[in-house]
Each structure stands twice: as structure tokens, then as C-alpha cells.
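Just so it is clear, none of the values below were taken in a lab; they were calculated from the coordinates. The structure displayed is predicted, hence computed values, not measured ones. Cβ placement follows ideal geometry from the backbone for every residue including glycine, while neighbour counts extend to all protein chains displayed.
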């Protein structure tokens, strides 16, 4: 499946909200979806690493890094662990690093940019709270759908098997 969002919006426009088109794809998986888990952090990816070490089967981590671009909240080692733990994807409102290696990891990864500088590790951040990215509220247990066309959020699971893909 290459293009999910156009068909989803055709079938479920009233149940989806498109996040402003700012995200670039960095992972091997271009198209991914799943139940939302959130992390809100500021220049510290400790909680990102902690969450992605857990079982993520059927889930997408949404990281509100507050749009900070002077350090990276995800790199190849954490992304590798996420893939091993069956996460579908990671959406980062912030930066990633190890961009060429991330393309080889079987994980959906979207971020607003790249930066080779790592974060501080202070263990600071919040997990599973509602976050806001460009005016769109994303809550734990909502659902993310992402492909080359963008990133959309829904407050309910959307049955993609009914789509003519």
C-alpha cells in the first residue's frame, strides 16, 4: 500500500484531521498507522527511549518535542529498538539524527528535520498526555495514519479494510 491518506479522507473525511504538512519521512516504512502513545519533552529524549523499549505492537509514538531543532530526539539505536519492539512508527515534532541509517530500519519515522547533535539525558518529560501540534490535539488512544501524503489523526479506529486500495 503506497497511498493510504487520499482513500482514508475520501471515506472518512469527517473523522480525520490532517496535521499541517511539515513532516518528512526518514524511516523505511513510508505508510504506517496505529494507536497513539505520546511523549512531551524538551531537549531530552529519555522518555522517548524508555517508551520505545516497551512492546509497541500496533502503536505509533507521537513525540511533542515542541518543534525544537537544535538537537535530535531519535537516532538509529533507539529506532532499532523500536522496530524490534514492533512499533509501527514514530512521529517527531522535532529532529532525528542518523538519517541515512534510519532509512534502513523497518519503522515509520516522520520528523520536521535532522540534527546530528544528541539531547541531554535528564529523565524529564511526560508520557501519555494530550499534546498539541500545529493546533491539532493528539490524545493517547487516538489513531495516527501516515504516508507520503502527510499525517492524520482520528479519535477512533478507522477500518482500512473497507477501502479500495
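Being touching a helix residue (DSSP H, G or I) at 6+ places or on another chain (Cβ under 7 Å), outside any loop (DSSP other than H, G, I, E, B), farther than 14 Å from residue 144 by Cα and touching a residue at least 40 places away in the same chain (Cβ under 8 Å): is that true of residue 39 here? It would help to see each step written out before you state the result.
Numbers: touching a helix residue (DSSP H, G or I) at 6+ places or on another chain (Cβ under 7 Å): yes; outside any loop (DSSP other than H, G, I, E, B): yes; farther than 14 Å from residue 144 by Cα: yes; touching a residue at least 40 places away in the same chain (Cβ under 8 Å): yes.
For residue 39, the condition - touching a helix residue (DSSP H, G or I) at 6+ places or on another chain (Cβ under 7 Å), outside any loop (DSSP other than H, G, I, E, B), farther than 14 Å from residue 144 by Cα and touching a residue at least 40 places away in the same chain (Cβ under 8 Å) - is met.
Which one of these is under 16 Å from residue 147 (Cα atoms), touching a residue at least 12 places away in the same chain (Cβ under 8 Å) and either touching a helix residue (DSSP H, G or I) at 6+ places or on another chain (Cβ under 8 Å) or assigned to a strand (DSSP E or B) (or both): 82, 111? Please lay out each step first, then the result.
Working: 82 fails: under 16 Å from residue 147 (Cα atoms).
None of the others qualify; the one that does is 111.
Out of all the residues in the range 117-131, which are in contact with a strand residue (DSSP E or B) (Cβ under 7 Å, 6 or more places away or on another chain), part of a loop (DSSP other than H, G, I, E, B) and surrounded by fewer than 17 Cβ atoms within 10 Å (Cβ to Cβ)?
From the range 117-131, those in contact with a strand residue (DSSP E or B) (Cβ under 7 Å, 6 or more places away or on another chain) are 117-122, 124-131; that's our starting set.
After this cut, where a residue has to be part of a loop (DSSP other than H, G, I, E, B) as well, the list is 117, 119, 121-122, 124-125, 128-130.
Residues satisfying the conditions are 117, 121, 122, 124, 128, 129, 130.
Tell me, yes or no, whether the range 95-103 has at least one residue that is closer than 17 Å to residue 28 by Cα, touching a residue at least 40 places away in the same chain (Cβ under 8 Å) and buried (at least 21 other Cβ atoms within 10 Å of the Cβ). If you could, list the steps in order and put the result at the bottom.
Let us first name the residues in the range 95-103 that are closer than 17 Å to residue 28 by Cα, namely 95-103.
From what's left, touching a residue at least 40 places away in the same chain (Cβ under 8 Å): 96, 99, 102-103.
Adding the requirement that they be buried (at least 21 other Cβ atoms within 10 Å of the Cβ) leaves 96, 102.
Yes, some residue in the range 95-103 is closer than 17 Å to residue 28 by Cα, touching a residue at least 40 places away in the same chain (Cβ under 8 Å) and buried (at least 21 other Cβ atoms within 10 Å of the Cβ).
Could you grab me the full set of residues in the range 13-31 that are part of a strand (DSSP E or B) and under 19 Å from residue 65 (Cβ atoms)?
Here is the first cut: in the range 13-31, the ones part of a strand (DSSP E or B) are 17-18, 24-25, 29.
The answer is 24, 25.
Here are some residues: 64, 57. Which one is touching a residue at least 24 places away in the same chain (Cβ under 8 Å), exposed (fewer than 15 other Cβ atoms within 10 Å of the Cβ), over 15 Å from residue 27 (Cα atoms) and out of contact with any helix residue (DSSP H, G or I) (no Cβ under 8 Å at 6 or more places or on another chain)?
Details: 64 fails: exposed (fewer than 15 other Cβ atoms within 10 Å of the Cβ).
Answer to the check: 57.
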